[in-house]
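Here is the structure we will look at.
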Amino acid sequence: MELGLAGRRVLVTGAGKGIGRGTVQALHATGARVVAVSRTQADLDSLVRECPGIEPVCVDLGDWEATERALGSVGPVDLLVNNAAVALLQPFLEVTKEAFDRSFEVNLRAVIQVSQIVARGLIARGVPGAIVNVSSQGSQRAVTNHSVYCSTKGALDMLTKVMALELGPHKIRVNAVNPTVVMTPMGQAAWSDPYKAKTMLDRIPLGKFAEVEHVVDAILFLLSDRSGMTTGSTLPVEGGFWAC
């Protein structure tokens, strides 16, 4: 299916690893022009070698002022993928202020800031656009030791809806994808214990975790005009986890 992304300028946060990296690679293959944002320079360097022509930006999105400096003059952006996130897992009774603040800074506040930068540019140019926020199945289902992480993603789902409501009149669509555990290197490390994995897999009707391409395909669809009548949605990519 032709997605019509060639020539579009797309900004992807959390581009260095996992879903973000897979998204950059897939967008590059379509002929899109990609601005890849990561806090790790080495990841950006290797990504540039894999995808010549992408524009790397190294910044910690948890730092508001640094993000404004890095992206405030990024130039015209047509599409945005808010993928950057941290998962600082702690039992509820052991949640720290530091974990709470860092999680909300990156997982929610940065989404607001980067989306404001991109949306203001789209509105000033008078052109339509699309934003995809990478959320989680944990936004709507409780997961042990994920109290802060699940809270950030629940807030992200509602932010997606409000963004869609307010930006819709400007022809800017906003949607979220909500994956289950994804078999990135981080996902494999976190869920490699068979007993731990079984507790989650038993709640997934399809009986398996997601691969990066499952999430990337959903992101590309929501960025494209093929989803031109879809906004304010949360698209589950979780094998039926929410059905249980």
Test for VAL215: is it aliphatic (A, V, I, L, M), in contact with a His (Cβ under 8 Å, 6 or more places away or on another chain) and under 17 Å from GLY138 (Cα atoms): no
Residue in segment 8-37 that is farthest from the chain's Cα centre (by Cα), counting only those that are farther than 15 Å from VAL111 by Cα and hydroxyl-bearing (Ser, Thr, Tyr): THR30
Residues of segment 218-232 that turn out to be surrounded by fewer than 20 Cβ atoms within 10 Å (Cβ to Cβ), of a type outside the set (Lys, Arg) and in contact (Cβ under 8 Å) with a residue 24 or more places away in the chain, as a count: 7
Residues of segment 121-152 satisfying the condition of being without any contact (Cβ under 8 Å) to a residue 60 or more places away in the chain and either under 23 Å from THR180 (Cα atoms) or of a type in the set (S, T, N, Q) (or both): ILE131, ASN133, SER136, GLY138, ALA142, VAL143, THR144, ASN145, HIS146, SER147, CYS150, SER151
Subset tally (residues that are more than 27 Å from ALA218 (Cβ to Cβ) and surrounded by 15 or more Cβ atoms within 10 Å (Cβ to Cβ)) for segment 69-82: 1
Only one of ASP193, ASP225 that is closer than 30 Å to VAL95 by Cα and more than 15 Å from the chain's Cα centre (by Cα): ASP193
Selected residue (only one of VAL35, VAL48 is of a type in the set (A, V, I, L, M) and under 21 Å from ILE117 (Cβ atoms)): VAL35
Strands (runs of 3 or more DSSP E) completely within segment 78-187 that count 2 or more residues being of a type outside the set (A, V, I, L, M, F, W, C): 129-134, 172-179
Residue within segment 134-143 that is under 29 Å from VAL10 (Cβ atoms) and surrounded by fewer than 18 Cβ atoms within 10 Å (Cβ to Cβ) present: yes
Residues of segment 142-165 classified as modelled with pLDDT under 95 and under 17 Å from ALA110 (Cα atoms), total: 0
Residue list for segment 210-244, filter: among the hydrophobic types (A, V, I, L, M, F, W, C) and touching a helix residue (DSSP H, G or I) at 6+ places or on another chain (Cβ under 7 Å): VAL212, VAL215, VAL216, ILE219, LEU220, PHE221, LEU235, VAL237, PHE241, TRP242
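The values are calculated or read from the model by the stated rules, or taken from the named source; none is laboratory data. Treat the numbers as computed from the prediction; the structure is a model and nothing was measured. Here the Cβ is made from the backbone with ideal geometry for all residues, glycine too, and neighbour counts use every protein chain on show.
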